[in-house]
Amino acid sequence: MKYLIFAIVACSFFAEASAQKTVRPFITNYGDVFEVAATKEVVNKKGKYKILVDIISPAASAKEISEHFENIARIANLHVAAGVKPENLSIVAVVHGAAVSFILNNETYKQKYGVDNPNQPVFTALKAAGIPLYVCGQTLFKRKVDPATLAPEFDIVQSAVTTITTYAPQGYTVLKY
């Protein structure tokens with residue numbers, strides 16, 4: 001019995017000691033990142049980072065936050081957690097293709113999926129953090145999406161292609177989801 005109690009106490013100690021702490025240093029409600037100790041640091045803490053997130057994939061479930069939109073917050077939090085100042089981080093997102101059905105305003109989303117848009121708070125947090133959110137105008141016409149039904153955080157651009165080809169030559173790294 002004494003050994004069993006010791007084993008339980010030891011296991012709980014090691015489980016707690018090895019548990020990873022998550023942080024959200026910039027966008028505080030979304031984009032969990034793990035604190036990682038003793039890493040080889042390659043991030044230039046004084047550098048300026050430019051990232052364009054290209055979202056084309058639909059969410060896995062209409063009832064849950066899209067991992068693609070939460071990834072935008074995660075990208076921001078990863079850089080800030082690594083020591084990059086938020087003012088040295090420029091992130092832009094453009095949505096097109098099948099992903100456009102998940103950027104509807106709450107009323108339209110609820111009519112379509114029967115639930116409030118779980119992504120709406122993420123959109124609000126991203127916009128509040130200064131991250132522009134764009135949607136491809138070509139996709140809207142092709143998929144017959146009324147621009148009035150979009151979440152208000154999104155601005156319509158001519159196309160995802162012209163947005164990407166505008167930002168990429170300016171030094172933006174393109175990440176596609």
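The values are calculated or read from the model by the stated rules, or taken from the named source; none is laboratory data. All values derive from a computational prediction rather than experimental measurement. Please note: Cβ atoms are built from the backbone with ideal geometry, for glycine as well, and neighbour counts cover all protein chains shown. Note: areas computed on protein heavy atoms with side chains; ligands, DNA, RNA excluded. Shrake-Rupley method; radii C 1.70, N 1.55, O 1.52, S 1.80 Å.
First compute the accessible area of the range 51-177 with a 1.4 Å probe, then give the percent of it belonging to carbon and sulfur atoms. Please report the intermediate quantities before stating the final value.
On the way: 3240 of 5870 Å².
It is 55 percent, rounded to a whole number.
Once amide H atoms are placed 1.01 Å from N in the peptide plane, what residues at a sequence separation of 5 or more from LEU52, or on another chain, have their amide H within under 5 Å of its amide H?
VAL92, THR173, VAL174, LEU175
Lys/Arg Cβ at +1, Asp/Glu Cβ at -1, dipole of the chain taken about the Cα centre: which of THR163, VAL100, GLN111 is farthest positive-ward?
Positive-most Cα among the choices belongs to THR163.
Can you give me the accessible area per residue for the range 19-164, using a 1.4 Å probe, in Å²?
On a per-residue basis, 52 Å².
I want to verify a result. In a Gaussian network model of the chain, Cα cutoff 10 Å, which of these has the top mean-square fluctuation: VAL122, VAL145, VAL23?
Answer for the Gaussian network model of the chain: VAL145.
Taking a temperature of 10 °C and a viscosity of 1.306 mPa s, what whole-number D in µm²/s does Stokes-Einstein yield for the range 36-140 with Rh from Kirkwood over alpha carbon pairs?
Numbers: Rh = 14.9 Å.
It diffuses with D of about 106 µm²/s by this estimate.
Would the range 106-177 count as rounded, prolate or oblate if I go by the C-alpha gyration tensor, calling it rounded below 1.5 in a/c and otherwise prolate when a/b exceeds b/c, oblate otherwise?
On the way: a/c = 2.52, a/b = 1.47, b/c = 1.71.
Oblate, because a/c is 1.5 or more while a/b does not exceed b/c.
Can you give the charge dipole size of the range 43-132 about its Cα centre, rounded to the nearest 20 debye, using +1 on the beta carbon of Lys and Arg and -1 on the beta carbon of Asp and Glu? Display every interim value, and only then the final one.
Values: 10 positive and 7 negative charges, 83 e Å.
The calculated dipole for the range 43-132 is roughly 400 debye.
Amide H of ILE27 versus every other amide H placed in the peptide plane: which residues, excluding those fewer than 5 positions away on the same chain, fall under 5 Å?
Long-range HN contacts for ILE27: ASN77.
Could you give the angle, 0 to 90 degrees to the nearest 10, between helix 67-81's Cα long axis and the longest principal axis of the Cα atoms of the chain?
Approximately 60 degrees, to the nearest 10.
Read phi for every residue in the range 49-56 and hand back ³J(HN,Hα) as whole Hz from Karplus 6.51 cos²θ - 1.76 cosθ + 1.60, θ = phi - 60°, with x for Gly and Pro.
Going residue by residue, I get 10, 10, 9, 10, 9, 9, 9, 10 Hz, with x marking Gly and Pro.
State to the nearest 20 debye the size of the charge dipole of the chain about its Cα centre, where the only charges are +1 on K and R beta carbons and -1 on D and E beta carbons.
It comes to approximately 320 debye.
Which length gain, in nm to one decimal place, applies between LYS142 and TYR113 when the Cα-Cα distance is subtracted from 0.36 nm times their residue separation?
Extending this stretch completely gives an extra 8.4 nm.
Find the all-direction average of the projected area of the Cα convex hull for the range 82-129, expressing the result in square nanometres with one decimal place. Walk me through the numbers on the way to the answer.
Values: hull surface 17.8 nm².
Projected over every direction and averaged, the Cα hull of the range 82-129 covers 4.4 nm².
Work out the charge dipole of the chain with +1 on the Cβ of Lys and Arg and -1 on the Cβ of Asp and Glu about the Cα centre, then indicate which of ILE131, PRO121, THR149 is farthest towards its positive end.
ILE131
So what's the projected area for the chain, the Cα convex hull averaged over all directions, in nm²?
On the way: hull surface 53.8 nm².
Averaged projected hull area, Cα only: 13.5 nm².
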